[in-house]
1. Loop-only GluC sites (Glu not before Pro) in the stretch B:91-175, please: DSSP not H, G, I, E or B, and at most 16 other Cβ atoms within 10 Å.
2. Beyond a 21 Å Cα-Cα separation, which of these cross-linked pairs lie in this structure: B:Lys84/B:Lys251; A:Lys262/B:Lys125; B:Lys251/B:Lys292; A:Lys230/A:Lys262?
3. Roughly how far apart, in whole Å, are the Cα centres of the stretch B:156-173 and the stretch B:225-254?
4. Compute the separation of the alpha-carbon centres of the stretch B:260-277 and the stretch B:89-152 and state it in Å as a whole number.
5. Using Cα springs under 10 Å in a Gaussian network model of chain A, which residue among A:Asn157, A:Asn216, A:Asn44 shows the largest mean-square fluctuation?
6. Show which lysines lie in cross-link reach of A:Lys91 when reach means a straight Cα distance below 28 angstrom and same-chain residues fewer than eight apart are skipped.
7. Give me B:Val51, A:Val215 ranked fewest to most by other Cβ atoms within 10 Å of their Cβ, as a rough exposure proxy.
8. Given chain A, what percent of its DSSP beta bridges are antiparallel, to the nearest 5?
Amino acid sequence: MTVKHLLLLCLVLVVLLLPFIPALSEWLWPTDFAPLPMRSDQPNSLAFFAHSFRRALIERHGLNLDAMQQAGENYEIAASKDLSAGRDIRKTQEERPRDLFRALGRTNHIVVFPSRAWLPQKSRIRSDLYAAQDIESGDGVRLRSCLAEGDVLLGENTTVQRWVHGRHVRLLAHVHVEGRATAQETVSFTPPARFERAGAPTVEFGNVSRTSTPVNMPSPVASRQVLEGKAEIGPDHQLASDYVVRGDCQVATHLILDGSIKSHGTMHIGAGTRIIGGLSARKNMGIGANSSILGPLIGFEDIVLGPNCRIGRPDAPTTLVCNRLFVSPGCIMHGVITTYDGGYVMLEEEDHAES
Amino acid sequence: MSLALFNHILLTISLCIMVLLVTYTARHYAFTLNRLFGRQRQPYLDIEHGVWPTVTVFVAAHNEERVISDCLNALLLVDYPREKLTIMPVNDRSTDRTREIIDGIVARHPGSITPFHRTEGRPGKAAALRDATALVDTEVIIVFDADYLPARGLLKQLVAPFFDPEVGAIMGRVVPVNAGANLLTRLLDLERAGGYQVDQTARMNLGLVPQYGGTVGGVRRRALAEIGGWNIETLAEDTDVTFRLLQHGWKTVYQNRSECYEEVPEVWSVRIKQISRWSRGHNQVMVNNIWKLLTNSRISWHERLDGALLLLIFIMPPIQLLGWIVAVALFYTEAMVFVSGWLLLGALVCYAGLGSNAAFFEIATATYLDGHHKRIRLLPLNLFGFLVSMTAISRAAATQVIDAVRKRELVWDKTERYRTPTATPIDTPTDKTKQ
C-alpha cells in the first residue's frame with residue numbers, strides 16, 4: 001500500500017466520519033431536545049390579539065381598566081418608555097399637541113386614552129392605541145392597531161395595518177384593514193372596502209335592510225349522495241341529504257336543502273336558495289342573491305357573495321374561509337371570515353366566480 | 001442452472017428492486033419539495049365557529065395507570081361545547097389500577113365522563129373500539145391513546161373537517177413529549193417529524209391519501225357504519241379504516257397543526273416490538289386492500305398510486321435487504337459487467353445519489369420547518385435507527401409469512417409507558433385557561 005493509497009483512505013474516512021462529529025456532540029452535550037411547543041393550546045379566536053393586548057395592559061403595565069372606565073380623564077396613567085397617556089384633542093386648545101403626536105408616532109409604543117380618542121385626518125399612527133371609551137378617526141388615517149372598549153368609527157380611506165377591535169366597529173368607504181377587524185357586537189363595512197379577516201356576532205356589508213332571513217337550525221342528516229361529474233341539484237333531488245359532487249355543481253334557485261354540499265369543481269348556488277348546512281368547493285364558489293346559508297363556507301379558491309345574502313345565524317355563528325372573497329352590498333355574516341388573499345366589499349355585484 | 005442464467009435472474013431481481021427504490025425516492029423528494037415550495041392546503045384549520053356536531057372521545061386504555069389520569073384531566077379542559085361532548089375512557093380488561101383511577105376522576109367530575117369498563121371479549125384495541133362504538137350515537141368519534149395529552153383547542157380542530165361531507169376521517173400530528181429522554185427518543189422525534197411535518201402534510205396538499213393513525217384523530221360514525229365498523233381481525237385498524245373509507249368514497253384529512261403529545265419508546269426492545277407490530281398490522285391491511293384499491297376505478301389514479309405505495313411501505317425494508325444480498329452475490333459472480341448497461345447504471349446512480357438520502361432530506365426539512373436548528377445535527381445517527389427498524393421489520397415480515405402458513409393468529413401487545421403517574425404534562429392546558 002502506497003502513501004497515496006493511505007492518504008486516499010484517510011480522506012475517505014474523514015468524509016465519512018465528518019457528519020458524525022456534530023452528531024456525537026449533540027448527543028453527548030444536548031442543546032436542542034425540548035418537545036415541539038403546542039400551538040393548539042391557544043384558543044382559535046380572531047380577537048386573540050385584542051384580548052392579548054388588553055391582558056398585557058393589565059399584567060405588564062399595571063393598568064386597572066375597570067377603574068379607568070369609571071374615572072375617565074381623571075384616571076392617573078403612569079407614563080413610561082413603553083406607554084404614554086393620550087387625551088381627546090377635541091377638548092384641548094391645540095389642534096395637534098406635540099407630545100401626544102410624538103407618542104402616537106413612536107413604534108413599539110402604546111398610547112392609552114382614559115376616555116375617548118380622536119385621530120385627526122391623515123394622521124400616521126405607529127403606536128398601538130387603547131381607549132377606555134370610543135375611538136374615532138378622520139379620513140385618510142393610517143394606524144397600526146387599536147382597541148376600544150366602546151365603539152370605533154374609522155373615516156374614509158383609513159388603513160389599519162394590524163387589527164381593530166371594539167364593541168361596534170364601523171368602517172367607512174375605502175377603508176383597508178390589512179389584518180383583522182373584530183367586534184363584540186357588530187362590524188360594519190361601507191362599500192367599497194378591503195380587509196383580510198373580520199369577525200363579530202354580526203358583520204354587515206353596506207345597507208342590510210333587505211338581507212334574507214336566517215335559515216332554520218339543522219336536524220341530523222342521515223344520508224349522503226355522491227354525484228359523478230357535473231351535476232345540478234334541483235327540487236327533484238332528495239332535499240334532506242349531504243351531497244358530494246365530483247365535478248362542477250349547480251344548485252337550483254329557491255331550493256331549500258337540509259344538508260351540506262361538497263364540490264370538486266366550481267359551485268354555483270342559485271338566487272334565493274336556503275341551505276341548512278355547510279358548503280365546500282375545491283374551485284370558485286358563487287352564492288346567488290338573497291340566499292341564506294347556515295355554514296361553514298369553505299372555499300379552496302375564491303368565494304363571491306351576491307347581494308343580500310346571509311351566512312350563519314345570530315344564535316349560531318359560523319365561519320367563511322377562502323382565498324379571496326368578493327362581497328356584494330346587503331350581506332350579513334354571523335361569525336368570522338378568513339381570507340388568505342383579501343376580502344373585497346364591492347359597490348355592486350360583479351361576477352368574479354367566473355374569473 | 002448455468003452461472004449466466006443465475007446472473008440473469010439476480011440482475012432481473014436487482015433491477016426490479018432498484019425501480020422500486022427509485023420510485024420511493026422520487027416520492028420522498030416530491031413530498032419534500034411540495035412541503036418547501038408548494039401551496040399548503042389546510043382549509044379547515046381556520047374554522048372557529050359552526051354548529052358543532054356531537055362528539056364522543058374514546059380514550060383507549062389497557063393497563064394505563066401511569067398515564068390515564070393526565071389524558072382525562074386534559075380532556076376535561078378542552079373548549080368543545082360541553083353539551084355536545086362525551087368523554088369515554090375505554091378500559092379494556094386492565095389488570096392494574098386503571099379502573100380505580102378512571103372511577104376516581106368520574107367521581108370528582110360527575111356527568112363529565114362516561115366510562116366503559118370492558119372485562120371480557122376479544123383482546124385488542126380494534127375489538128375494544130368496536131364494543132365502545134356500539135354504545136354511542138354521536139356524529140363523530142375521536143380517538144386518543146391513554147398516553148396522549150390533548151391541548152385545549154385540539155378537539156375543535158379535529159372535528160372541524162367533518163363540516164365537509166366528503167371527509168370520513170381526520171388525523172392530527174403526533175409529537176413526542178419525552179423527546180429529550182435519551183438518544184432513541186431523540187431519533188424517534190426526528191423520524192416522527194419527517195413523517196408528519198413532511199410526508200402526511202404533502203399528501204394532504206397534493207390531494208393524495210393521508211393516513212388515519214388511530215389516535216389524535218377520528219372518524220365520522222356514519223362513514224364507519226357504511227364500511228362495516230372497526231375490523232377486529234387486524235392489528236392496524238387505523239390503516240384499515242383509511243383504505244376502506246377511501247374505497248367507499250370518503251376522504252381522510254391530515255391537519256399538521258392539530259398537535260398532540262404522546263410518549264415514544266425509551267428502550268430499544270420496546271421500540272422493536274412496537275415497529276414489528278406496526279409492520280405486521282400494516283402488511284395485513286396491504287394484503288386485504290391493495291388489489292381492491294388498484295382496481296377501483298372510482299378512485300383517481302394518483303390516489304391509487306399513492307395508496308399502493310403507502311400500503312407497500314413495510315415491504316420495502318425486506319426488499320432492500322434482499323437487494324443488498326443480491327448486490328453482494330452479483331459482485332462475487334462477476335456479473336458487474338452488466339452494470340455497464342445504461343439502465344442499470346442509471347438506476348444505480350439514481351439510488352446512490354438520491355435514494356439513500358431522500359428520507360434524511362425529509363427529516364432535515366421537517367426539522368427546519370419546525371424551527372429546530374440544532375437537533376438536525378443528530379441526523380447521521382438516524383442511520384442506525386433505520387438499520388434497527390429495517391432488521392425488525394424484515395424479521396416481522398418473515399415471521400408473519402411463517403405464521404400465515406401455520407395459520408397462527410396475530411397477537412396484540414401493548415407499548416410500555418414511562419411517565420410516572422403524578423407527572424405534570426409539559427405546557428399543561430390548565431396554565432392557559434388561567435390566563
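1. Here the GluC sites (Glu not before Pro) that fit, given the DSSP loop and packing criteria, are B:Glu120.
2. Pairs exceeding 21 Å: B:Lys84/B:Lys251; A:Lys262/B:Lys125.
3. Here the answer is 15 Å between Cα centres.
4. Here the answer is 22 Å between Cα centres.
5. Highest fluctuation of the listed residues: A:Asn44.
6. A:Lys81, A:Lys122
7. Values: B:Val51 21, A:Val215 24.
Ordered from fewest to most neighbouring Cβ atoms within 10 Å, B:Val51, A:Val215 come out as B:Val51, A:Val215.
8. The answer is about 10 percent antiparallel.
Only the coordinates and a few stated rules stand behind these numbers; no lab work does. Fair warning: this is a prediction, and the values are worked out from it, not measured in the lab. All Cβ positions, even for glycine, are placed from backbone atoms using ideal geometry, and neighbour counts span all protein chains on display.
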